[in-house]
Amino acid sequence: MASGAFFDPLTLLRVAPLVTSTASLVIANDSHIFLSSLVSLKKQRAQVNEIAPRYFEAFFWKGLPLIFGTFGLSIAFGLTNIYSKPYAASRGWYAAGTALGLLHFAFVPKIMWTVKDAIEAKEDPNGGSADAIQRWLNVHYVRMALSDIPSWACFAIAVLKSLKGI
């Protein structure tokens with residue numbers, strides 16, 4: 001088994017950042033679906049404003065470990081691939097995917113205020129939680145376009161370049 005005839009740990013290492021960044025994109029897309037569906041209920045905006053602060057608070061704190069886990073693993077696997085194969089054609093793509101994964105966290109200063117506003121909004125029909133969640137979504141879309149999707153694409157190219165001999 002250690003010969004790699006059945007299971008090659010190096011292949012797993014090469015593919016791992018693509019798998020974890022795919023998981024990050026799934027979480028990001030789910031966030032879009034669940035939250036945009038909630039704030040799109042214009043006729044029920046009063047009810048949304050009443051429940052949204054607690055819903056978003058639960059959603060945020062349950063999702064945060066998944067974000068740290070998937071991005072943390074993507075960054076760690078990306079760095080491991082960079083340093084384990086320093087002269088490979090895929091190295092630059094692993095580096096770009098890793099850097100773009102780190103860029104995800106550069107949006108924290110912009111996002112943290114919308115999270116605070118959404119969670120601390122009054123639980124009443126005139127509360128501003130739905131608007132705060134929409135502001136969070138707006139930053140989320142930009143972050144996905146500038147960081148998450150390009151990171152995934154770089155890791156996909158890196159995997160294709162590193163495994164083309166298989």
Tell me, which residue of the range 55-84 that is under 15 Å from the mean Cα position of the chain (by Cα) and aromatic (Phe, Trp, Tyr) is farthest from Ile119 (Cα to Cα)? Phe71
Taking first residues from the range 107-124 that are under 19 Å from Ala58 (Cβ atoms) and second residues anywhere that are basic (Lys, Arg) and modelled with pLDDT of 90 or more, the pairs with Cβ under 8 Å that are 6 or more apart or on different chains are Ile111/Arg143; Thr114/Arg135; Asp117/Arg135; Glu123/Arg54
Counted residues, the range 36-58 - those being open to solvent by 50 Å² or more (accessible area, probe 1.4 Å) and assigned to a helix (DSSP H, G or I): 8
Among the residues of the range 98-156, what is the count of those that are of a type in the set (Lys, Arg), under 20 Å from Ser24 (Cα atoms) and open to solvent by 60 Å² or more (accessible area, probe 1.4 Å)? 1
Quick check on this structure: which one of Leu13, Leu25 is surrounded by 14 or more Cβ atoms within 10 Å (Cβ to Cβ) and at pLDDT below 95? Leu13
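The values are calculated or read from the model by the stated rules, or taken from the named source; none is laboratory data. Please read these numbers as outputs of a predicted model, since none were measured by experiment. Neighbour counts run over all protein chains shown; Cβ positions are idealised from the backbone, glycine included. Accessible surface is based on the protein model in full, side chains and every heavy atom, while ligands, DNA and RNA are left aside. Shrake-Rupley method; radii C 1.70, N 1.55, O 1.52, S 1.80 Å.
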